[in-house]
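Novice: Submitted below is the structure of interest, expressed as structure tokens.
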Amino acid sequence: MKNLKKFGSLLLVMLTSYSCNSSISEESKKDSQQIVTYNGTDDLYEIESPTSPFARPKNAKIGFDVDGVLHTEVKYTLKDYYFHKRPAFETTGRNIRLKKEIDFLLSNGNTSSIVTHNPSVCKPENISNRENLFKENGLPSIPNRQVFCVASGTKKSVEINKQGLTLFYDDSPAVLAEVSANSPTTKLFMPLPKQQKVAHYFSDKKEPTKSISKCGVLIVDDSKPEKRFLLQLRSPSLQEWWNFPGGSCAYHENKHLNFDKQEFEDPITGAIREFDEEAGKFTSLKYELDQSKRLMVLQANDYLLFVVKLDKNYLDMRKFVPQDKFAWEVSTKVFNIPNSPGYRWFKLSECKKGAKVEGHNLGVTGDTCDMFRIYLDAF
């Protein structure tokens, strides 16, 4: 039993690569001078095979959540939900990238429905405001029969299956995991309200029993014929194994924060913060999302992996160096990226359960690659 507990503790350390001082740090002066346009289109207009996991549908029934999707004024909770910070009808904050998505979907003959946990959307006195909300997002007038306000605590997958929706957009990891498990034929997207982006979403098809407490970032490039995946080697004190840059975030961090004062961290923000601590000394990842060629979120129970595809030529000039106070987490061994201690480009075929690279194990990193290989390969 003692050995089992010791193994469990070790596994937790390996999976989280916990930062002893992982609170949200102030941005550098250089970061504050950079501009985020929130206007990238990533893979929206790429031509995909209809069988591709990343293809958008044509002439299909599609659905949207409201809070965090059709508007961005939301707050985060410990249950991995976003709730409206202000009523949806009182703000003009829209996800610019999502509006492009809606325009594209409507141009391909798709018809829209709304499935939300926000009861105010269905109140008769809010019909006019609701129509304005739809219009500001580029949506047409949606008939009442296609607007569904499901009770809090009710599974959205029930209504999604009933209406035969083949595509659904929701910002909540908890909701997306539930829909993924119970509506397996519905493609899912995760709009990112704070980053104003849209990511493909996939899970391990199990409803999570815990809120997200660990997250990471996987940087992928567009190398031909095989894409490259960036992994870092953990320091000797963290068992020297290959891992996605990341650590403890969201639930683990939020337990100690004041929600009334909006001191909170959503999983994507947490993943970006952890990446910046371990690999973003010179450039914050959030300023590179406009250049992303595709975004994806992979969720395995309480672990979330944010996958970002960028141009190879750009990445060849990019340095991945930890912030000084977090350098202890990364091995001082130098591999094939100049001035970047502990990092190495991998092929997907190298990332698998039981694998060793440069004499070091991939551990649970290999398990994650195996679990989501079909999506990583197509990414």
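Novice: Test each condition in (1) surrounded by fewer than 14 Cβ atoms within 10 Å (Cβ to Cβ); (2) modelled with pLDDT of 90 or more for Arg97 and report the one that comes out false.
Specialist: Of the numbered conditions (1) surrounded by fewer than 14 Cβ atoms within 10 Å (Cβ to Cβ); (2) modelled with pLDDT of 90 or more, the odd one out for Arg97 is (1).
Novice: While we're here: Can you find even one residue in the range 177-184 that is without any contact (Cβ under 8 Å) to a residue 40 or more places away in the chain, surrounded by fewer than 17 Cβ atoms within 10 Å (Cβ to Cβ) and more than 22 Å from Cys215 (Cβ to Cβ)?
Specialist: Yes; the residues of the range 177-184 include at least one that is without any contact (Cβ under 8 Å) to a residue 40 or more places away in the chain, surrounded by fewer than 17 Cβ atoms within 10 Å (Cβ to Cβ) and more than 22 Å from Cys215 (Cβ to Cβ).
Novice: Does Lys224 satisfy the condition of being in a loop (DSSP other than H, G, I, E, B), farther than 21 Å from Asn301 by Cβ and either touching a helix residue (DSSP H, G or I) at 6+ places or on another chain (Cβ under 7 Å) or not aromatic (Phe, Trp, Tyr) (or both)? Talk me through it step by step, then tell me what you get.
Specialist: Values: in a loop (DSSP other than H, G, I, E, B): yes; farther than 21 Å from Asn301 by Cβ: yes; either touching a helix residue (DSSP H, G or I) at 6+ places or on another chain (Cβ under 7 Å) or not aromatic (Phe, Trp, Tyr) (or both): yes.
Taking the combined requirement at face value, the residue satisfies it.
Novice: Also: Which residues, counting only those in the range 46-61, are of a type outside the set (D, E, K, R) and surrounded by 10 or more Cβ atoms within 10 Å (Cβ to Cβ)?
Specialist: Ser52, Pro53, Phe54, Ala55, Pro57, Ala60
Novice: Keeping to the range 180-214, report how many residues are touching a helix residue (DSSP H, G or I) at 6+ places or on another chain (Cβ under 8 Å), within 19 Å of Thr111 (Cβ to Cβ) and outside any loop (DSSP other than H, G, I, E, B).
Specialist: Counting residues in the range 180-214 that are touching a helix residue (DSSP H, G or I) at 6+ places or on another chain (Cβ under 8 Å), within 19 Å of Thr111 (Cβ to Cβ) and outside any loop (DSSP other than H, G, I, E, B) gives 2.
Novice: Same structure, new question: Do we find a residue being assigned by TED's automatic domain parsing to the domain that holds Ile35, modelled with pLDDT of 95 or more, of a type outside the set (Gly, Ala, Ser) and under 20 Å from Ser203 (Cβ atoms) anywhere in the range 276-287?
Specialist: No, because not a single residue in the range 276-287 is assigned by TED's automatic domain parsing to the domain that holds Ile35, modelled with pLDDT of 95 or more, of a type outside the set (Gly, Ala, Ser) and under 20 Å from Ser203 (Cβ atoms).
Novice: Please specify each residue of the range 126-150 satisfying the condition of being without any contact (Cβ under 8 Å) to a residue 24 or more places away in the chain and within 18 Å of Leu106 (Cβ to Cβ). Outline the logic, then answer.
Specialist: Our first condition is that a residue be without any contact (Cβ under 8 Å) to a residue 24 or more places away in the chain; within the range 126-150, this holds for 127-128, 131, 135, 141, 143-145.
Glu131, Lys135, Ser141, Pro143 - these are the residues of the range 126-150 that are without any contact (Cβ under 8 Å) to a residue 24 or more places away in the chain and within 18 Å of Leu106 (Cβ to Cβ).
Novice: Then there's this: Is the range 298-309 home to any residue that is at pLDDT 95 or above, in the same structural domain as Val321 (by TED's automatic domain parsing) and of a type in the set (D, E, K, R)?
Specialist: yes
Novice: Another question, if that's okay. Every residue in the range 133-153 that is among the hydroxyl-bearing types (Ser, Thr, Tyr) and over 15 Å from Val66 (Cβ atoms), please. Break it down into steps so the answer makes sense when it comes.
Specialist: At the first step, the residues of the range 133-153 found to be among the hydroxyl-bearing types (Ser, Thr, Tyr) are 141, 152.
Matches in the range 133-153: Ser141 only.
Novice: Could you check how many residues of the range 329-357 are surrounded by fewer than 18 Cβ atoms within 10 Å (Cβ to Cβ) and at pLDDT below 90?
Specialist: 7
Novice: Also: Quick one: which of Val74, Val115 is crowded, with 16+ Cβ neighbours inside 10 Å, within 26 Å of Arg145 (Cβ to Cβ) and not assigned by TED's automatic domain parsing to the domain that holds Ser213? Write out each step before concluding.
Specialist: Working: Val74 fails: within 26 Å of Arg145 (Cβ to Cβ).
The unique qualifying residue is Val115.
Novice: Please state which one of Leu285, Leu289, Leu230 is touching a helix residue (DSSP H, G or I) at 6+ places or on another chain (Cβ under 9 Å) and farther than 23 Å from Asn39 by Cα.
Specialist: Values: Leu285 fails: farther than 23 Å from Asn39 by Cα; Leu289 fails: farther than 23 Å from Asn39 by Cα.
None of the other options fit; the residue is Leu230.
Novice: For the range 152-171: of the residues being part of a loop (DSSP other than H, G, I, E, B) and either among the basic types (Lys, Arg) or at pLDDT below 95 (or both), which is nearest to Ser107 (Cα to Cα)? Reasoning before the result, please.
Specialist: The initial filter retains those residues of the range 152-171 that are part of a loop (DSSP other than H, G, I, E, B), namely 152-155, 164-166, 170-171.
If we keep only those that are either among the basic types (Lys, Arg) or at pLDDT below 95 (or both) as well, we get 152-155.
On the way: Ser152: 33, Gly153: 34, Thr154: 32, Lys155: 30 Å.
The extreme case among them is Lys155.
The values are calculated or read from the model by the stated rules, or taken from the named source; none is laboratory data. Owing to the predicted nature of the structure, the values given are computational and were not obtained by experimental measurement. Counting neighbours? That spans all protein chains shown, and the Cβs are built from the backbone with ideal geometry, glycine included.
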